[in-house]
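Here the structure comes first, spelled out in structure tokens, and everything after it is commentary.
Laboratory data are not the source of any read-out in this text; all were calculated from the coordinates shown. Here the structure is a predicted model, which is why all the values come from computation and not from measurement. As a convention, Cβ positions derive from the backbone with ideal geometry for all residues, glycine included, and neighbour counts pool all protein chains shown.
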Amino acid sequence: MQRAWNIFLAICVVIAAALAVAFAGVRLIGLTPYAVLTGSMEPELPVGSLIFVRSVDPADIQVGDDITFKLQSGSLATHQVWKVDTAAQTFYTQGIANKDQDGNIMHDGAPVAWSNVVGSPVFCIPYLGYINRFCTTPPGMYILVAAVALVIAVSIVVELANMRPESAKTAPTAAATAATEAPAPAGGHFRRSSASADDR
């Protein structure tokens, strides 16, 4: 049981370390992770994927690039640039999956100011966005904390269970020693009784 539990813990540690790098460690190299919540950029950026955005100079962004930017509502969106207005310092964007009845890509209604650009996606990992949302928002956060507490509790129980067999092995050994030594005095008395009978 101990070996199986150790293997399970090792797997958990590896997974936790990988998620920590994906969700936080990448920030050390200038990348910020964001979960993709809508399908406006499918199949390039699938729903539930995690994109890693790097800060860029708006002047370096060209037509066809994907950019992550702030909306007036305060939320973020990631769309493709189809036009650049250098004079007005604005971008015109589109979601490549947003199409009309004729199959033409529909342009976004409002241009994006250069000052609202957060960065440009470098790469994405499918499905990891679901895990990111689960781990960083309720009730997923509470479930994660409870799971960690449960693992710690089970680890303590397993450790205590492994300590008991050693004590159990020691106890029978001591009992066997006592049982072996106990008959010695009785044997001595029998011999002395026999000797007394011969003397008579």
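When the Cα convex hull of the stretch 1-120 is projected onto planes of every orientation, the mean area is 10.3 nm². Among residues other than residue 92 with Cβ under 13 Å from its Cβ, the summed charge is -2 (Lys and Arg +1, Asp and Glu -1).
Legend: ranking of residues 142, 127 from fewest to most surrounding C-beta atoms inside 10 Å; resulting order 142, 127. Relative to the Cα centre, the charge distribution of the stretch 1-143, modelled as +1 at Lys and Arg Cβ and -1 at Asp and Glu Cβ, gives a dipole magnitude of about 700 debye.
Using Cβ counts within 10 Å as a stand-in for footprinting exposure, how do 159, 44 rank, fewest first?
159, 44
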